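Undergrad: Take a look at this one; I'll ask things after.
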Amino acid sequence: MDSEALFSAANMLVMPGWLLLVFLPRWRYTTGVITSCLLPAVLGVCYVGLFAANFRSQPDGFAAFNTLAGVKSLFQNDSLLLAGWIHYLAFDLFVGSWEVRDSQRLGIHHLLVIPCLACTLMLGPAGLLAYLLLRLVLRGRYSIDELPSAAPAGG
């Protein structure tokens, strides 16, 4: 499959996930496929495959990540540009699914989360920022909850 077809397939793959997050956030298939991170993991496999198959052809290797010009040179390769796009798709969907799970846990009404999801889909970090501000205003939470502390030792 050529890069253009993979690009279209990746875009089509994530759209049902976003629609489920917006319209059916508590449906069992949404929780089973999207908020369980299965779909972002599938995108991750695609990313790793594209990256591994094409990165070795880059003369600067990982040093290319040290400068803007180096990153630009990586994106001159259509397959690596596509890998970068899939990276965005996977991470944005992961963040969107976290926003839904977190808002459900905190009791934030889903209608208030939908604009954050739209922003996360289109603008990634700006959508995350919008959600973090929403949770700060509504719940006074500015940090992600930590893991529960371990039970005391001994006994």
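Undergrad: Name the single residue that is surrounded by the fewest Cβ atoms within 10 Å (Cβ to Cβ) among those in segment 1-34 being in a helix (DSSP H, G or I) and at pLDDT below 90.
TA: ARG28
Undergrad: Still on this model: Could you list, in sequence order, the residues of segment 78-90 that are open to solvent by less than 50 Å² (accessible area, probe 1.4 Å), in contact (Cβ under 8 Å) with a residue 12 or more places away in the chain and not hydroxyl-bearing (Ser, Thr, Tyr)?
TA: The answer is LEU80, LEU82, ALA83, ILE86, LEU89, ALA90.
Undergrad: Restricting to segment 105-119, name every residue that is outside any loop (DSSP other than H, G, I, E, B) and at pLDDT 95 or above.
TA: HIS110, LEU111, LEU112, VAL113, ILE114, PRO115, CYS116, LEU117, ALA118, CYS119
Undergrad: Just need a number here: residues in segment 35-77 that are more than 20 Å from the chain's Cα centre (by Cα), surrounded by 12 or more Cβ atoms within 10 Å (Cβ to Cβ) and β-branched (Val, Ile, Thr).
TA: The number of residues fulfilling the criteria is 1.
Undergrad: What are the residues in segment 91-104 that are open to solvent by less than 10 Å² (accessible area, probe 1.4 Å) and either under 10 Å from the mean Cα position of the chain (by Cα) or charged (D, E, K, R) (or both), if any?
TA: Result: LEU93, GLY96, SER97, GLU99, ASP102.
The values are calculated or read from the model by the stated rules, or taken from the named source; none is laboratory data. Being a predicted model, the structure only gives us computed values, none of them experimental. Ideal geometry is used to build each Cβ from the backbone, glycine not excepted, and the neighbour counts take in all protein chains shown. Please note that ligands, DNA and RNA were not included when accessible areas were found on the heavy atoms of the full protein model with its side chains. Shrake-Rupley method; radii C 1.70, N 1.55, O 1.52, S 1.80 Å.
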